[in-house]
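Visitor: The structure that follows is given in the form of structure tokens.
The values are calculated or read from the model by the stated rules, or taken from the named source; none is laboratory data. Note that this is a predicted model, so its numbers are computed, not measured. Because the Cβ atoms are built from the backbone with ideal geometry, glycine has one as well, and the counts that use them run over all protein chains shown.
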Amino acid sequence: MKAVVATITGKGQVTIPAEVRRHLGVKTRDKITFILEPEGRATVQAEPYPTIASLAGAAGSLPVPMSWSEMRDVAREDRLRAKLGLPP
């Protein structure tokens, strides 16, 4: 484990050192999360999907595009199968 130190300004701001940015894989305008542990420890992690737009393509793509009504029908069928305890 390696410690990297940064200084807090009078406004409560911190510049994230370049080594830490590289380690987290973050760049300008990316989001990070501070996780506060009950025992007083805080950890930082990069948000993999900071915006809805960044989710584009995350689930893959269909070989043939579906219409909205086709997608709705599939969702209804999946919901009914789940309700009846049937396999997908």
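Visitor: Of all residues in the stretch 25-82, which are hydroxyl-bearing (S, T, Y), closer than 30 Å to T15 by Cβ and not in a helix (DSSP H, G or I)?
Guide: T28, T33, T43, Y49, T51
Visitor: A follow-up question, please. For the stretch 3-12, does any single residue satisfy the condition of being modelled with pLDDT of 95 or more and of a type in the set (S, T, Y)?
Guide: For the stretch 3-12, residues modelled with pLDDT of 95 or more and of a type in the set (S, T, Y): present.
Visitor: Could you please find all residues in the stretch 24-63 being among the aromatic types (F, W, Y) and under 20 Å from K2 (Cβ atoms)?
Guide: Scanning the stretch 24-63 gives a single hit, F34.
Visitor: Still on this model: Consider I35 against the criteria (1) in contact (Cβ under 8 Å) with a residue 12 or more places away in the chain; (2) touching a Ser or Thr at 6+ places or on another chain (Cβ under 7 Å): it satisfies all of them except one. Which criterion is unmet?
Guide: (1)
Visitor: Of everything in the stretch 57-85 that's surrounded by fewer than 10 Cβ atoms within 10 Å (Cβ to Cβ) and of a type in the set (A, V, I, L, M), which residue is modelled with the highest pLDDT?
Guide: By that ranking, first place goes to L84.
Visitor: Additional query: Going through the stretch 22-44 one residue at a time, which ones are within 18 Å of the chain's Cα centre (by Cα), farther than 22 Å from S54 by Cα and not β-branched (V, I, T)?
Guide: Passing the criteria: only L36.
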